[in-house]
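> Before anything else, here's the structure in question.
Where a number appears in this text, it was derived from the coordinates with a stated rule and is not lab data. All of these numbers come straight from a predicted model, not from anything done at the bench. Here the Cβ is made from the backbone with ideal geometry for all residues, glycine too, and neighbour counts use every protein chain on show.
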Amino acid sequence: MPSNLTEFLFEYGMFLAKFSTVLIVVVAVLLLILMMVLRAKAGDDEHLNIKNINHKYEQMRFILESAILSKKELKQKAKDEKAAQKKREKQNEDSDPRKRVFVLDFKGDIRASEVSSLREEISSLLTVTKKGDEVLVLVESGGGTVHGYGLAASQLHRVRDRGIKLTVSVDKVAASGGYMMACVADHVIAAPFAIVGSIGVLAQIPNFHRLLKKHDIDFEQIAAGKYKRTLTMFGENTEADRDKLKEELEETHILFKDFVKENRDKVDIDKIATGEHWYGSQALELGLVDEIRTSDDYLAIASAEADIYSIQYERKKPLAEKIFSSTIKLFQDEKY
């Protein structure tokens, strides 16, 4: 009897596992179809969101002063500000226009999916920027796909190619692909404990071959081309497969190192390209960054002599796409 019960529970568990797998696939496909239908009907609502950061600082200061100053002090402060504003306007008429700083925010995931917004932001900026302007990119990413971050770095290169000063700020992390982006800048700043570096290449993949073999499940894969596929999730991997993938990773690592060296020629590339990461203060000593400072401090100082604009490309996502993206992110959070 216990044997029959165990066998029943095993069979029931296998049934639930198969049913759950099929259900997840069906739901994902239906959501994808719904997303495509809604997008076709509604279209994409795309626009640039532009904010003047100087105004934000002025409003914050006004709120604080209103709370801590007496009415008499506040009145005198307003009078002084008005006189100072007139003086600045007069100086601006007699001199060149104030410098402009355009701020972009890049929060990267493993697929570098924000690169689609980044390319639109930069394409828009390059229609109005001129010599003397500056583009500040706030990079926060632990890296991801080579092609995704390679494209993101190429987008930043477009700014430098136009002769516009490019600054990258790292408050938390710019590792691997994130540093591939950061190293393009003319000037890189980082917070003291920001994580920087990780100049290496990684590939990892689970293999279910022994599990399938144990349950007498065959897996077939047909390819044309000796190296069309190296390591596989379901087939039996050989030493030749592993050696070929290792060769490809080494080649990618060489390209990564060459790219960093081309953009940061003062670094000792053999010393920093070990896959290790460093904190901001250590990264400064190694030449990975140029200055220890947070983006908040950088912007607060710049606001005294420049007009600062936050630029963000936004696309209104249909409800189905939001649900689908959230579902995918849930599985990614579990995996990574």
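> Which value, in debye to the nearest 20, gives the size of the charge dipole of the range 184-253 about its Cα centre, when Lys and Arg are +1 and Asp and Glu are -1 at the Cβ?
For the range 184-253, the charge dipole is close to 220 debye.
> Taking amide H positions as placed 1.01 Å from N in the peptide plane, with prolines and chain starts having none, which residues 5 or more places from GLU291, or on another chain, fall under 5 Å of its amide H?
VAL188, ALA190
> Moving on to the next point. On a 32 Å Cα-Cα criterion, which of the cross-link pairs LYS172/LYS226; LYS56/LYS131; LYS51/LYS172; LYS165/LYS246 come out too long?
Over 32 Å apart, Cα to Cα: LYS172/LYS226; LYS165/LYS246.
> Roughly how many nanometres apart are two label points built 7 Å out from the Cα toward the Cβ at ASP296 and ILE222?
About 6.2 nm separates the two model spin labels.
> Which of the three applies to the range 201-309, rounded, prolate or oblate, going by the alpha-carbon gyration tensor with a ≥ b ≥ c and a/c under 1.5 meaning rounded?
prolate
> How much net charge surrounds PHE193 when only the other residues with a Cβ under 11 Å from the Cβ of PHE193 are counted, with Lys and Arg +1 and Asp and Glu -1?
Summing Lys and Arg as +1 and Asp and Glu as -1 gives 0.
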